[in-house]
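Heads up: the structure comes next, in structure tokens.
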Amino acid sequence: MGTEWILALAISIAFMKYYYLVLVLVLVALASSPLATVAGDPDILTDFVIPNMYGIASMNITGDFFTYTGFRVTNGTLPWPRRNLIAIKANMEAFPALNGQSVSYTKLVFPSECVNPPHTHPRAAELLFVLNGALSVGFVDTAGKLYTQDLSAGDMFVFPKGLVHYQYNLGQSPAIALSAFGSAAPGTVNVPASVFGTGIDNVVLAKSFKTDFWTVQKLKAALTPPPKK
């Protein structure tokens with residue numbers, strides 16, 4: 001009996017060790033999974049962040065540091081007629097006070113028949129508010145479904161974080177919109193320029209889009225940015 005009892009006790013102890021190991025692994029997986037799926041601005045441990053380039057203490061900061069005036073540009077001061085989109089960004093780079101605040105804006109000015117081509121913002125959703133004119137907008141979800149809407153002045157539309165989306169001014173008059181982001185640096189990935197303007201091999205692109213070499217060359221010529229001086 002003594003030997004059997006010791007053997008049973010050893011088996012029980014081994015089982016308990018295995019059980020606790022499995023439990024620990026499950027808890028670690030559950031705890032780490034949200035970190036792997038959620039991306040955004042890091043939290044800060046102060047009220048606000050002063051960039052090192054200012055070289056002054058927070059007690060000497062005034063309201064000017066928290067003020068951005070770049071959106072004062074209006075239609076009357078912009079060179080018209082125009083063909084290309086104007087995007088005036090109030091992000092962390094242009095407005096350093098946004099560092100750590102997880103918010104930014106972009107003012108979008110659309111000339112007649114102007115499109116903001118398919119693009120993504122990898123670090124934030126976008127909330128678009130139409131100030132003037134009208135816009136046709138849309139985004140594609142991860143299942144490949146397209147969601148579209150025609151917006152008028154006063155309307156809002158949300159583009160979920162990281163999804164490909166676009167805006168288009170179909171009208172003959174300029175349209176102006178304001179986009180809010182849940183990040184001080186939402187980032188922008190222009191899909192056409194990223195695909196055809198970054199040097200991806202012609203054969204890869206031709207096979208991927210099921211087209212020919214010459215079509216790829218034309219697209220590259222139109223979308224490759226000029227070399228920086």
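Values computed for the structure shown
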{"read-out": "Built amide H within the under 5 Å cut-off of Ala175, gap 5+", "value": "Phe110"}
{"read-out": "³J(HN,Hα) computed for each position of segment 157-167 - Karplus, 6.51 cos²θ - 1.76 cosθ + 1.60, integer Hz, glycine/proline x", "value": "8, 10, 9, x, 4, x, 8, 5, 8, 8, 9"}
{"read-out": "Lys/Arg +1, Asp/Glu -1 at C-beta; segment 170-229 dipole; positive extreme among Ala180, Gly199, Thr211", "value": "Gly199"}
{"read-out": "Residues with amide H under 5 Å from that of Gly182, placed H, sequence gap 5 or more", "value": "Ala125"}
{"read-out": "Lysine pairs in segment 88-229 with Cα atoms under 25 Å, if 8 or more residues apart or on separate chains", "value": "16"}
{"read-out": "Spin-label proximity, Ile88 to segment 122-160 - amide N less than 20 Å from point 7 Å beyond Cα toward beta carbon", "value": "127-135, 153-155"}
{"read-out": "Asn190-Phe65 pseudo-label distance in nm [points 7 Å out on the Cα-to-Cβ vector]", "value": "3.4"}
{"read-out": "Global geometry of segment 81-211, whether rounded, prolate or oblate, following the gyration tensor of its Cα atoms and the 1.5 cut on a/c", "value": "oblate"}
{"read-out": "Efficiency of FRET between Lys207 and Leu163 - r from beta-carbon atoms, R0 45 angstrom, step 0.05", "value": "0.95"}
{"read-out": "Whole-Hz ³J(HN,Hα) from phi, Karplus 6.51 cos²θ - 1.76 cosθ + 1.60, for segment 61-70, glycine and proline x", "value": "6, 10, x, 4, 5, 9, 10, 10, 10, x"}
{"read-out": "Charged-residue dipole, Cβ positions (Lys, Arg, Asp, Glu), segment 133-222 about Cα centre, Debye nearest 20", "value": "260"}
{"read-out": "Probe 1.4 Å, protein heavy atoms only - accessible area per residue of segment 101-190 in square angstrom", "value": "44"}
{"read-out": "Around Pro122: net Lys/Arg minus Asp/Glu count, Cβ-Cβ under 14 Å", "value": "0"}
{"read-out": "Long-range HN-HN contacts of Asp155 with modeled amide H, under 5 Å", "value": "Val130"}
{"read-out": "Label point distance in nm, Thr46-Val140, each placed 7 Å from Cα along Cα→Cβ", "value": "4.4"}
{"read-out": "Calculated FRET efficiency for the pair Thr224/Ser152, C-beta based, R₀ 41 Å, to 0.05", "value": "0.70"}
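The values are calculated or read from the model by the stated rules, or taken from the named source; none is laboratory data. This is a predicted model, so every value here is computed, not measured. Glycine gets a Cβ as well: all are built from the backbone with ideal geometry, and neighbour counts include every protein chain shown. All accessible areas refer to the heavy atoms of the entire protein, side chains included, with ligands and DNA or RNA removed. Shrake-Rupley method; radii C 1.70, N 1.55, O 1.52, S 1.80 Å.
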